[in-house]
Amino acid sequence: MEGWKRAPWPLIGVLLAQTVAGLTWAGGAAARIGALESQVGEQRLVAERLARLEEQGVATRAAVERIERRLEERR
C-alpha cells in the first residue's frame, strides 16, 4: 500500500484523460467508417442501375436502327 501513497497522481490523471480521449476518438472513427460503408453500398446500387440503363439504351438504339432500315427499304 505504500506504493500508492507515492503514486504520481498527475501522471495517473493524464493517463486517464488520454484513455478517455482515445476511446472517444475510436468511437467517432467507428461512426465515420459506418457512414462511409453505407455510402459505398448506395453507390454500388446506383452503379448497377446505371449499367442496366446503359444496356437498355444500347438495345433501344439497336431497335431504332432496325426500324429505320426497314423504313428505308420500303421507300
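Between residue 73 and residue 16, the modelled label-to-label distance comes to 8.9 nm, taking each label 7 Å out from Cα in the direction of the beta carbon. Taken over region 12-57, the ratio of Cα radius of gyration to 2.2 N^0.38 Å equals 2.13.
Residues in the chain average 96 Å² of solvent-accessible surface per residue, probe 1.4 Å, ligands and nucleic acids excluded.
Taking the Cα centre of region 30-75 as reference, the dipole from Cβ charges on Lys and Arg (+1) and Asp and Glu (-1) amounts to some 200 debye. Note on residue 37 and residue 54: the extension gain reaches 3.5 nm, defined as 0.36 nm multiplied by sequence separation minus the Cα-Cα distance.
Would you please give the FRET efficiency between residue 26 and residue 46, computed as 1/(1 + (r/R0)^6) with r the Cβ-Cβ distance and R0 = 30 Å, to the nearest 0.05?
Given R0 = 30 Å and the Cβ-Cβ separation, E is 0.45.
Derived scalar couplings between HN and Hα for region 53-66 equal 5, 4, 5, 5, x, 4, 5, 5, 4, 5, 5, 5, 5, 4 Hz in order, rounded to whole Hz, by the Karplus curve 6.51 cos²θ - 1.76 cosθ + 1.60 (θ = phi - 60°), x for Gly and Pro. Ligands, DNA and RNA aside, residue 50 has an accessible area near 90 Å² when probed at 1.4 Å.
The values are calculated or read from the model by the stated rules, or taken from the named source; none is laboratory data. Owing to the predicted nature of the structure, the values given are computational and were not obtained by experimental measurement. Here the Cβ is made from the backbone with ideal geometry for all residues, glycine too, and neighbour counts use every protein chain on show. Surface areas here come from the heavy atoms of the whole protein model, side chains and all, with no ligands, DNA or RNA. Shrake-Rupley method; radii C 1.70, N 1.55, O 1.52, S 1.80 Å.
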